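**Q** Take this structure, written in structure tokens, and hold onto it; I'll ask about it next.
The values are calculated or read from the model by the stated rules, or taken from the named source; none is laboratory data. The model shown is predicted, which means the values in this text are computed figures rather than measured ones. Every residue, glycine as well, gets a Cβ built from its backbone with ideal geometry; the counts of neighbours run over all protein chains shown. Surface areas here come from the heavy atoms of the whole protein model, side chains and all, with no ligands, DNA or RNA. Shrake-Rupley method; radii C 1.70, N 1.55, O 1.52, S 1.80 Å.
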Amino acid sequence: QVQLVESGGGLVPAGGSLRLSCAASGSGFSVKTMGWYRQAPGKQRELAAAITSAGLTNYADSVKGRFTISRDNAKNTVYLQMNSLKPDDTAVYYCNTLPWIRDYWGQGTQVFVSS
């Protein structure tokens, strides 16, 4: 059974930065494509960034050039470096595999960007 625990969220002013972490327990992490998803108030959950086991990355247009996803397979951890944050980035951020697996959703970490 895989458990994913997100951390690193907080309150930042527009233009600020945050680094999110997702620690995975269980086996097989290194071969999985991982994604950072986010859900803003009143909106559907969306995929913000993804990274393959080989380190190939992909980003939603709304975060491209500002967010960087990375992973450390030795630590079973995925990161999301978020720069130049905007109020529209306010959301709960989750990590999961891609495609996502229902049982893997964690509590997420809240990011609030003030204007």
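**Q** Report D for segment 22-64 in µm² per second (integer): Stokes-Einstein, Kirkwood Rh on Cα pairs, 37 °C, 0.692 mPa s. Intermediate values should be presented prior to the final figure.
**A** On the way: Rh = 11.7 Å.
The calculation lands on 281 µm²/s.
**Q** If I take every Cα pair under 8 Å that is 6 or more residues apart in the chain, average their sequence separation and divide by the length, what percent do I get for the relative contact order?
**A** Across the chain, relative contact order equals 36 percent.
**Q** Short version: what are the Cα gyration tensor semi-axes of segment 57-115, square root of 5 times each eigenvalue, largest first, in whole Å?
**A** Ellipsoid semi-axes (Å, largest first): 21, 15, 11.
**Q** Over what distance in Å are the Cα centres of segment 1-22 and segment 48-115 separated?
**A** 8
**Q** Can you send over the carbon and sulfur percentage of the accessible area for segment 1-70, probe radius 1.4 Å, protein chains only?
**A** The computed percentage sits at 51.
**Q** Within 12 Å, Cβ to Cβ, of Val92, how many net charges do the neighbouring residues add up to if Lys/Arg are +1 and Asp/Glu are -1?
**A** Value of the local net charge: 0.
**Q** Could you work out which residue, out of Gly55, Gly26, Gly35, moves most in a Gaussian network model of the chain, that is, has the largest mean-square fluctuation with Cα springs under 10 Å?
**A** Largest GNM mean-square fluctuation: Gly26.
**Q** Next question. Rounded if a/c is under 1.5, else prolate if a/b beats b/c, else oblate: with a ≥ b ≥ c from the C-alpha gyration tensor eigenvalues square-rooted, which is the chain?
**A** Prolate, because a/c is 1.5 or more and a/b exceeds b/c.
**Q** Between Glu46 and Ile101, with labels modelled 7 Å along Cα→Cβ, what's the label distance in nm to one decimal, could you check?
**A** 2.7
**Q** Write down the accessible area per residue of segment 21-79 in Å², having rolled a 1.4 Å probe over the full set of protein chains.
**A** 52
**Q** So what's the net charge close to Thr52: Lys and Arg +1, Asp and Glu -1, counting the other residues with Cβ under 14 Å from its Cβ?
**A** Charge balance near Thr52 sits at +2.
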